[in-house]
Amino acid sequence: GWTNYCVANTPPTVSITSPVNNASFTAPASITINADATDADGTVTKVDFYNGSTLIGSDATSPFGYTWTNVQEGTDTIKAVATDNKGASSSSTAIIITIQRMQNFTLLSGWNLISFNIIPSDSSVSSVFNSLDGNLLVVKNTDAFYSPSQNAVFNSLTKIKRGDAYLVQLKNDQSFSVTGKSITAGTYLLKKGWNMSGYPKQTSTPINTAISGIVTQFEAAKNFDGFYIKNGGSPNSITNFEPGKGYFINVNSDVTISW
């Protein structure tokens, strides 16, 4: 007689070979995801690539890979799912990747007034300004200072804080970059009189828009580029708060500004 039997299909195996777990990239990122997929009793017909539960791309030809473009800031969970010629599938171990934002500064010799719109991955002043080694003279904010040439114990400015502006003195022109997470919206206290304030946003904002909630208390803003006076009789020489720049802001009483 006839003997009926079936051979169970063995699912494929798949693993992500790059990027490595906990890899970090700079937004907007282009990330090539590669996977090693094999099938013991058949062929792998495709590998699907997922960010969480969202399909981001597929590849039906070995070597299996997909280039994910224009990836924005955040933390993503990536996995690969392989399917064989009999329809069986299996998933790789997921990996975590982090996409950070980069802020670029172009500084001149002498004094510069800057602010941060990211929270640096390492917010220590020595780390943030490390690439200016040999050129940096002083960093200071309203009430503290840092000089790389003196003993660390005497430096009162040790960490970058959200909302602050910084005066940075260089010997020569130099550019540098910092990576980290974007600063989320928040409120910042301005004290009566002049404040050295940072501008924490990623895009420019008209000053009259930014101060609309504190128009009664606001008097003026200025930096090394020019000035803005409320109800000024002459044309204001600056009209926007701009990313990366710091400002002196004058208010007639304590008030919080939201941005």
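List the number of the failed condition for residue 238; all other conditions in (1) crowded, with 16+ Cβ neighbours inside 10 Å; (2) without any contact (Cβ under 8 Å) to a residue 12 or more places away in the chain; (3) of a type in the set (Val, Ile, Thr) hold.
Failing condition for residue 238: (2).
Just for the stretch 190-219: of the residues that are part of a strand (DSSP E or B) and of a type in the set (S, T, N, Q), which one is farthest from the chain's Cα centre (by Cα)? If you could, list the steps in order and put the result at the bottom.
Within the stretch 190-219, the subset part of a strand (DSSP E or B) is 190, 193-198, 205-206, 218-219.
Those left that are additionally of a type in the set (S, T, N, Q): 195, 197, 205.
Working: 195: 26, 197: 20, 205: 19 Å.
Only one residue fits best here, namely 195.
In the stretch 142-163, what residues are of a type in the set (D, E, K, R) and out of contact with any Phe, Trp or Tyr (no Cβ under 8 Å at 6 or more places or on another chain)? Give the derivation first.
Narrowing the stretch 142-163 to residues of a type in the set (D, E, K, R): 143, 159, 161-162.
Selection gives 143, 159, 161.
Kindly evaluate residue 62 against the criterion of being open to solvent by 70 Å² or more (accessible area, probe 1.4 Å), among the small types (Gly, Ala, Ser) and out of contact with any helix residue (DSSP H, G or I) (no Cβ under 9 Å at 6 or more places or on another chain).
Details: open to solvent by 70 Å² or more (accessible area, probe 1.4 Å): yes; among the small types (Gly, Ala, Ser): yes; out of contact with any helix residue (DSSP H, G or I) (no Cβ under 9 Å at 6 or more places or on another chain): yes.
Answer is yes for this residue.
Residues of the stretch 152-176 being among the aliphatic types (A, V, I, L, M) and under 20 Å from residue 195 (Cα atoms), which ones?
Pass one, the stretch 152-176, residues among the aliphatic types (A, V, I, L, M): 152-153, 157, 160, 165, 167-168, 170.
Listed by number, the residues that qualify are 157, 160, 165, 167, 168.
Which one is farthest from the chain's Cα centre (by Cα), of the residues in the stretch 220-235 that are closer than 22 Å to residue 258 by Cα and open to solvent by 70 Å² or more (accessible area, probe 1.4 Å)?
Going through the stretch 220-235, the residues closer than 22 Å to residue 258 by Cα turn out to be 220-223, 227-231.
So of that shortlist, the ones also open to solvent by 70 Å² or more (accessible area, probe 1.4 Å) come out as 222, 227, 229, 231.
On the way: 222: 27, 227: 29, 229: 32, 231: 36 Å.
Within the stretch 220-235, the match that is farthest from the chain's Cα centre (by Cα) is 231.
Filter the stretch 139-158 down to residues that are in a strand (DSSP E or B) and either in contact with a Cys (Cβ under 8 Å, 6 or more places away or on another chain) or open to solvent by less than 20 Å² (accessible area, probe 1.4 Å) (or both), then give me how many there are. Steps first, please.
Of the stretch 139-158, the ones in a strand (DSSP E or B) are 139-140, 145-146.
Add one more test, that the residue is either in contact with a Cys (Cβ under 8 Å, 6 or more places away or on another chain) or open to solvent by less than 20 Å² (accessible area, probe 1.4 Å) (or both), and what stays is 139.
Of the residues in that region, 1 qualify.
Does residue 161 satisfy being closer than 23 Å to residue 105 by Cα, open to solvent by 30 Å² or more (accessible area, probe 1.4 Å) and not in a loop (DSSP other than H, G, I, E, B)?
On the way: closer than 23 Å to residue 105 by Cα: yes; open to solvent by 30 Å² or more (accessible area, probe 1.4 Å): yes; not in a loop (DSSP other than H, G, I, E, B): no.
Considered against the rule, which asks whether it is closer than 23 Å to residue 105 by Cα, open to solvent by 30 Å² or more (accessible area, probe 1.4 Å) and not in a loop (DSSP other than H, G, I, E, B), residue 161 comes out as no.
I need the full set of residues from the stretch 116-138 which are hydrophobic (A, V, I, L, M, F, W, C), part of a strand (DSSP E or B) and within 23 Å of the chain's Cα centre (by Cα), in order please. Step through it out loud before you land on a result.
The initial filter retains those residues of the stretch 116-138 that are hydrophobic (A, V, I, L, M, F, W, C), namely 116, 118-119, 125, 128-129, 132, 136-138.
With part of a strand (DSSP E or B) added as a condition, the list becomes 118-119, 136-138.
Within the stretch 116-138, 118, 119 qualify.
Check the stretch 79-88 and report whether any residue there is exposed (fewer than 12 other Cβ atoms within 10 Å of the Cβ) and at pLDDT 95 or above. Walk me through how you get there before you give the answer.
Kept after step one, since they are exposed (fewer than 12 other Cβ atoms within 10 Å of the Cβ), are these residues of the stretch 79-88: 87.
After this cut, where a residue has to be at pLDDT 95 or above as well, the list is 87.
So far as the stretch 79-88 goes, yes, one or more of its residues are exposed (fewer than 12 other Cβ atoms within 10 Å of the Cβ) and at pLDDT 95 or above.
Across the stretch 164-188, what is the total count of residues that are modelled with pLDDT under 95, part of a strand (DSSP E or B) and exposed (fewer than 15 other Cβ atoms within 10 Å of the Cβ)?
Number satisfying all stated conditions: 1.
Is it the case that residue 116 is free of Cβ contacts under 8 Å to residues at least 60 places away in the same chain and open to solvent by less than 70 Å² (accessible area, probe 1.4 Å)?
Numbers: free of Cβ contacts under 8 Å to residues at least 60 places away in the same chain: no; open to solvent by less than 70 Å² (accessible area, probe 1.4 Å): yes.
So residue 116 fails the test.
The values are calculated or read from the model by the stated rules, or taken from the named source; none is laboratory data. Just so it is clear, the model here is predicted, and its values are computed rather than measured. Cβ: placed from backbone, ideal geometry, glycine included. Neighbour counts: every protein chain shown. To get the accessible areas, we keep the full protein, side chains included, count just its heavy atoms, and leave off ligands, DNA and RNA. Shrake-Rupley method; radii C 1.70, N 1.55, O 1.52, S 1.80 Å.
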